[in-house]
Amino acid sequence: PLYGTPTTPRVRVAAFYLDRDPVTRGAYLAFVQQRPEWRRDRVRALFADRAHYLEQWPGPLDAGDALDQRRPVTGVSWFAARAY
């Protein structure tokens, strides 16, 4: 649906909620501390692109300094976001 052509039929998407504020690196760090299966060094390849999953973090349990931890988390998969 995002890359359709003018002749591609439209697809209806069900209503969903979107948070006003993004999930921060710090909040996601707390999540991976509680759910170690979502750590960068432990996530299953089936659920995340291991080459890019949390690739901007200095380490599996290091989301950066205090300023970094207030930034939005990026580099998560759809599966990881759903688990969060």
ask   = Taking interchain pairs and intrachain pairs at least six residues apart, which have beta carbon atoms under 7 angstrom, with the first residue in region 35-58 and of a type in the set (S, T, N, Q) and the second in a loop (DSSP other than H, G, I, E, B)?
value = Q56/T74; Q56/G75
From R42, R70, R50, residue being of a type outside the set (S, T, N, Q) and in contact with a strand residue (DSSP E or B) (Cβ under 6 Å, 6 or more places away or on another chain) = R70
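Name every residue in region 35-60 that is aliphatic (A, V, I, L, M) and either under 23 Å from D21 (Cβ atoms) or surrounded by 15 or more Cβ atoms within 10 Å (Cβ to Cβ) (or both), in order of residue number. Reasoning before the result, please.
At the first step, the residues of region 35-60 found to be aliphatic (A, V, I, L, M) are 43, 45-46, 48, 51, 54.
Selection gives V43, A48, L54.
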ask   = Which residues, taken from region 63-80, are at pLDDT 95 or above, exposed (fewer than 14 other Cβ atoms within 10 Å of the Cβ) and either among the aromatic types (F, W, Y) or not in a loop (DSSP other than H, G, I, E, B) (or both)?
value = A66, L67, P72
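Rundown of residues vs (1) over 15 Å from the mean Cα position of the chain (by Cα); (2) of a type in the set (G, A, S), yes/no style:
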{"site": "P9", "(1), (2)": "yes, no"}
{"site": "V13", "(1), (2)": "yes, no"}
{"site": "D19", "(1), (2)": "no, no"}
{"site": "P22", "(1), (2)": "no, no"}
{"site": "V43", "(1), (2)": "no, no"}
{"site": "H52", "(1), (2)": "no, no"}
{"site": "E55", "(1), (2)": "no, no"}
{"site": "G64", "(1), (2)": "yes, yes"}
{"site": "Q69", "(1), (2)": "no, no"}
remark   = Residue count, region 1-34, condition in a loop (DSSP other than H, G, I, E, B), open to solvent by less than 100 Å² (accessible area, probe 1.4 Å) and free of Cβ contacts under 8 Å to residues at least 12 places away in the same chain, comes to 6
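The values are calculated or read from the model by the stated rules, or taken from the named source; none is laboratory data. Every value quoted in this text rests on a predicted model; they were computed, and no experiment measured them. Positions of Cβ are backbone-derived with ideal geometry, glycine not excepted, and every protein chain shown enters the neighbour counts. For the accessible areas, the whole protein counts, side chains as well, though only heavy atoms, and no ligand, DNA or RNA atoms are used. Shrake-Rupley method; radii C 1.70, N 1.55, O 1.52, S 1.80 Å.
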